[in-house]
């Protein structure tokens with residue numbers, strides 16, 4: 001069958017059969033692995049070796065424990081099948097020798113040889129529609145395909161059908177959690193916990209099939225989407241909820257007025273979400289990247305404050321609650337930032353600074369006005385610019401409208417080294433760069449700088465040529481459908 005549909009059916013199979021876990025005392029449910037702090041691997045993207053497992057298991061710091069059962073499955077089933085079939089293998093087969101020499105020489109890294117495109121931030125659609133609504137919109141698009149005049153009609157239908165299947169998959173996932181919560185509630189002896197489990201069940205019977213109606217349902221809706229996106233394809237770099245305070249504040253105000261929520265209860269629900277973020281390690285890297293990096297976070301980054309789409313102050317009651325949550329929890333994940341504009345209340349800035357001065361790294365403070373100006377400079381619409389912000393490591397973008405995908409690191413000091421050595425790499429013994437001269441040949445700093453620019457352009461071109469091929473391979477082999485259905 002068509003690749004998009006095959007991958008969508010795989011995603012559906014996973015959500016229909018994944019081991020579910022509701023942890024003691026939690027109010028927001030869902031895990032990427034079979035329990036907290038566990039993560040799946042993605043051998044269709046890159047296949048871990050048994051040596052990779054030993055490296056991550058035996059680290060003195062930031063280890064990632066691997067069971068003997070997992071090693072056995074890897075050795076007997078996964079490696080024999082996937083080692084020569086993974087997307088990583090396809091990528092390296094298609095790269096030129098020039099690209100491979102630069103990669104091995106440390107000129108650049110390539111993130112997409114072992115994980116899918118990341119750095120994408122959600123907007124507010126998931127709080128306004130349920131996945132039954134998204135499914136109906138997709139079905140309408142399928143009905144509107146012009147098979148007579150559109151030469152891509154067949155491909156479009158396959159993509160839309162895959163998105164439809166993904167909507168069905170996440171709905172099934174929510175219903176499974178609702179049923180499990182009901183089952184646990186019937187067995188629970190503690191009246192308070194029984195009521196909590198019943199509330200979880202009620203929430204999961206609403207979301208993600210339907211749009212959320214309460215503060216708790218809105219948080220649970222986001223978390224199901226987060227899990228769906230990161231489970232479908234290993235985009236472990238920064239899938240984030242965007243302007244969480246602005247998305248959640250209408251639900252908070254509505255529940256306060258209805259008398260079904262207090263500020264303390266809202267804070268507890270957000271703290272449960274923070275625990276969820278912190279409990280989701282990113283799937284480990286492979287090869288030399290694994291040995292050099294012990295980073296296992298999802299790099300989620302939450303924006304608070306800033307401005308609304310009409311340019312007015314974006315700070316609200318939930319903004320302050322989020323500050324209290326990050327102050328109390330002090331977790332590595334999620335990363336949190338506050339956007340400061342000319343319209344931001346002094347009280348909000350002061351509270352953010354009180355937390356930041358404690359020295360544990362959060363919140364970061366970003367200039368909203370500068371972010372908006374930067375996005376306008378590169379052609380963004382004013383509304384999209386105001387509704388955007390910062391994410392990841394840190395870059396700016398229009399939330400829900402674009403992805404700002406990182407494809408790797410670029411080693412500028414290495415390029416300077418080659419510029420001083422006539423383009424020759426002493427470490428690998430290969431001529432990687434242009435023959436622009438040795439250090440003794442340059443008569444002025446300007447000559448050195450000109451040679452460096454030539455080398456830089458040379459290596460950038462090699463990297464971008466490779467990127468174009470890699471992106472085409474992803475589009476053909478490992479498409480992502482769940483997030484697109486949003």
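Just a few scattered comments:
- Verdict on residue 328 being assigned to a helix (DSSP H, G or I), out of contact with any strand residue (DSSP E or B) (no Cβ under 9 Å at 6 or more places or on another chain), in the same structural domain as residue 302 (by TED's automatic domain parsing) and in contact (Cβ under 8 Å) with a residue 40 or more places away in the chain: yes
- Qualifying residue in the range 358-373 (condition: in the same structural domain as residue 256 (by TED's automatic domain parsing) and within 27 Å of residue 214 (Cβ to Cβ)): yes
- Subset of the range 123-156 (residues that are touching a residue at least 40 places away in the same chain (Cβ under 8 Å), in a loop (DSSP other than H, G, I, E, B) and in contact with a helix residue (DSSP H, G or I) (Cβ under 7 Å, 6 or more places away or on another chain)): 124
- Test: residue in the range 1-22 that is surrounded by fewer than 15 Cβ atoms within 10 Å (Cβ to Cβ), within 23 Å of residue 333 (Cβ to Cβ), at pLDDT 90 or above and not assigned by TED's automatic domain parsing to the domain that holds residue 179: no
- For the range 202-216, the condition of being outside any helix (DSSP H, G or I), modelled with pLDDT under 95 and under 21 Å from residue 16 (Cα atoms) holds for none of the residues.
- Taking (1) outside the structural domain of residue 396 (by TED's automatic domain parsing); (2) in a helix (DSSP H, G or I); (3) over 19 Å from residue 163 (Cα atoms) in turn, residue 189 satisfies each apart from (2).
- All positions within the range 56-70 that are touching a helix residue (DSSP H, G or I) at 6+ places or on another chain (Cβ under 7 Å) and at pLDDT 90 or above: 66
- Residues located in the range 393-429, provided they are touching a strand residue (DSSP E or B) at 6+ places or on another chain (Cβ under 6 Å), touching a residue at least 60 places away in the same chain (Cβ under 8 Å) and under 17 Å from residue 301 (Cβ atoms): 399, 403, 404
- Tabulated pairs, the range 349-361, first surrounded by 18 or more Cβ atoms within 10 Å (Cβ to Cβ), second in a helix (DSSP H, G or I), C-beta under 7 angstrom, 6+ apart or interchain: 351/320; 351/323; 352/323; 355/323; 355/326; 355/327
- Of the strands (runs of 3 or more DSSP E) lying entirely inside the range 345-458, those carrying at least 3 residues that are at pLDDT below 95 and either closer than 25 Å to residue 240 by Cβ or in contact with a helix residue (DSSP H, G or I) (Cβ under 8 Å, 6 or more places away or on another chain) (or both) are 389-391, 395-397.
- Exclusive hit being modelled with pLDDT of 95 or more, assigned by TED's automatic domain parsing to the domain that holds residue 284 and not in a helix (DSSP H, G or I), set 256, 261: 261
The values are calculated or read from the model by the stated rules, or taken from the named source; none is laboratory data. The structure presented is a predicted model; accordingly, all values stated were derived computationally and were not measured. Cβ: placed from backbone, ideal geometry, glycine included. Neighbour counts: every protein chain shown.
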